[in-house]
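*Asks:* Below you will find the structure I want to go over with you.
The values are calculated or read from the model by the stated rules, or taken from the named source; none is laboratory data. For clarity, every value in this text was computed on a predicted model and none was experimentally measured. Don't worry about glycine lacking a Cβ; one is built from the backbone with ideal geometry, like all the others, and counts go over all protein chains shown.
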Amino acid sequence: MAELIREKALRTLEEEIPHGIAVTIEKMKRRGKIMDIEATIICERDSHKGIIIGKQGSMLKRIGSSARRDIEEMLECKVNLQLWVKVKKDWRDSEFLLKNFGYNPKDGE
């Protein structure tokens, strides 16, 4: 699911930021027929954070709407997707953070 959100972010942002973003799922909880999902998009620079959020949150809303539609199709239920953006400077240089975000630094994935 994190990779799906990351893919939607990269497609929506096109060439505006490098591929240096990661997504973590903070919380998933079913509430009746609705799945509540909280996710964080991690970027390396404050300037990237502004680009990801966009003017008045417009870019983040586009990313969230696109990801939510695909997640609803995958889970076959309504999804309430909450997205946040955080800066972790040079996270791609940290083996610990790479592993934490689901990448295997030894394999180059």
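*Asks:* Within the set of pairs 6+ apart or on separate chains, which have a first residue in the stretch 46-62 that is under 18 Å from GLU7 (Cβ atoms), a second that is at pLDDT below 95 and of a type in the set (Ser, Thr, Tyr), and C-beta atoms under 8 Å apart?
*Replies:* Within 8 Å, the pairs are MET59/THR12; ARG62/THR12.
*Asks:* Turning to a different aspect of this structure: Return yes when ALA39 is of a type in the set (Gly, Ala, Ser), touching a helix residue (DSSP H, G or I) at 6+ places or on another chain (Cβ under 9 Å) and at pLDDT 95 or above and no when it is not.
*Replies:* Numbers: of a type in the set (Gly, Ala, Ser): yes; touching a helix residue (DSSP H, G or I) at 6+ places or on another chain (Cβ under 9 Å): yes; at pLDDT 95 or above: yes.
Against the criterion (of a type in the set (Gly, Ala, Ser), touching a helix residue (DSSP H, G or I) at 6+ places or on another chain (Cβ under 9 Å) and at pLDDT 95 or above), ALA39 qualifies.
*Asks:* Which of the residues that make up the stretch 40-84 are hydrophobic (A, V, I, L, M, F, W, C) and touching a Cys at 6+ places or on another chain (Cβ under 8 Å)?
*Replies:* Applying the first criterion (hydrophobic (A, V, I, L, M, F, W, C)) to the stretch 40-84 yields 41-43, 51-53, 59-60, 63, 67, 71, 74-75, 77, 79, 81, 83-84.
Result: ILE52, single match.
*Asks:* Is there a residue being closer than 19 Å to LYS33 by Cβ, surrounded by fewer than 16 Cβ atoms within 10 Å (Cβ to Cβ) and modelled with pLDDT of 95 or more anywhere in the stretch 80-93?
*Replies:* The first filter runs over the stretch 80-93 and keeps only residues closer than 19 Å to LYS33 by Cβ, leaving 80-82.
Checking which are surrounded by fewer than 16 Cβ atoms within 10 Å (Cβ to Cβ) leaves us with 80, 82.
Those still in the list that are modelled with pLDDT of 95 or more too: 80, 82.
Checking the stretch 80-93: at least one residue is closer than 19 Å to LYS33 by Cβ, surrounded by fewer than 16 Cβ atoms within 10 Å (Cβ to Cβ) and modelled with pLDDT of 95 or more.
*Asks:* So which residues in the stretch 8-45 are assigned to a helix (DSSP H, G or I) and without any contact (Cβ under 8 Å) to a residue 24 or more places away in the chain? Show your work before the answer.
*Replies:* Of all residues in the stretch 8-45, those assigned to a helix (DSSP H, G or I) come to 8-13.
Selection gives LEU10 alone.
*Asks:* Further question on the same structure: Under 7 Å between Cβ atoms, at least 6 apart or on separate chains: pull out the pairs that start in the stretch 70-82 with a residue that is under 18 Å from THR40 (Cβ atoms) and end on any residue that is assigned to a helix (DSSP H, G or I) and of a type in the set (D, E, K, R).
*Replies:* VAL79/ARG68; VAL79/GLU72; LEU81/ARG68
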